[in-house]
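The values are calculated or read from the model by the stated rules, or taken from the named source; none is laboratory data. Since this is a predicted model, take the numbers as computed values, not measurements. So basically every Cβ, Gly included, is an ideal-geometry build from the backbone, and we count neighbours across all protein chains shown.
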């Protein structure tokens, strides 16, 4: 078992496709991951499983790797309760999670924005441009900069999961670029496709960070690092205070607009 735990997950899944199906069923998305160099042991550790969940998962994987054999499972590699998973974020990580909630409030509006968009309407075009400003200024320069410039800096940049997060950020930026190109062409279908692509990337990305990455990082940061990160986040918050208020007002306004539209239908 130890040999496979030290094997890259894509190699394990390539030889044993049922392992991929087991991980999918457990909510661990290694099969579609575009990077895939994590070791199997890393995959198990990083996903914040309880002790019982971890042993059950390893037992199912061992049955695929060694069919018909009784294989001793490795000792759990970290301490923690065996009950249901509970996520308690450190103060700076909680700040990032709260920012995710604001970003997801905008993402939740994207289907309605795409459905009602009129390429000939200057008002609608300006709404898209303000949405792009929210994405680029709040989600990217403010929030993602905290992640990339501060949080990720405490970890090895070659970690598979960090490479995947950077790739998600890049995909999101590409969708925004394509959105602006479609807006210039007054291409309603292109606008809708780019908005939908951005929403899909961010929805999955934020879920991975809130449920997997942030809890794992919290477990591996020292008390000193958490305090230092909290102070550095505070400095960024102060620098962006005026812009943050502007974007929160935009978010409140556009939510109110679409709630009014839904009520009057």
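Data table
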{"read-out": "Unmet requirement for residue 56, which otherwise passes all of (1) touching a helix residue (DSSP H, G or I) at 6+ places or on another chain (Cβ under 9 Å); (2) modelled with pLDDT of 80 or more; (3) surrounded by fewer than 20 Cβ atoms within 10 Å (Cβ to Cβ)", "value": "(1)"}
{"read-out": "Checking residue 150 against (1) modelled with pLDDT of 95 or more; (2) over 30 Å from residue 45 (Cα atoms), the condition it does not meet", "value": "(2)"}
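Table: residues versus (1) surrounded by 14 or more Cβ atoms within 10 Å (Cβ to Cβ); (2) under 25 Å from residue 207 (Cα atoms); (3) at pLDDT 75 or above.
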{"position": "8", "(1), (2), (3)": "yes, yes, yes"}
{"position": "16", "(1), (2), (3)": "yes, no, yes"}
{"position": "20", "(1), (2), (3)": "yes, yes, yes"}
{"position": "23", "(1), (2), (3)": "yes, yes, yes"}
{"position": "52", "(1), (2), (3)": "no, yes, yes"}
{"position": "70", "(1), (2), (3)": "no, no, yes"}
{"position": "83", "(1), (2), (3)": "no, yes, no"}
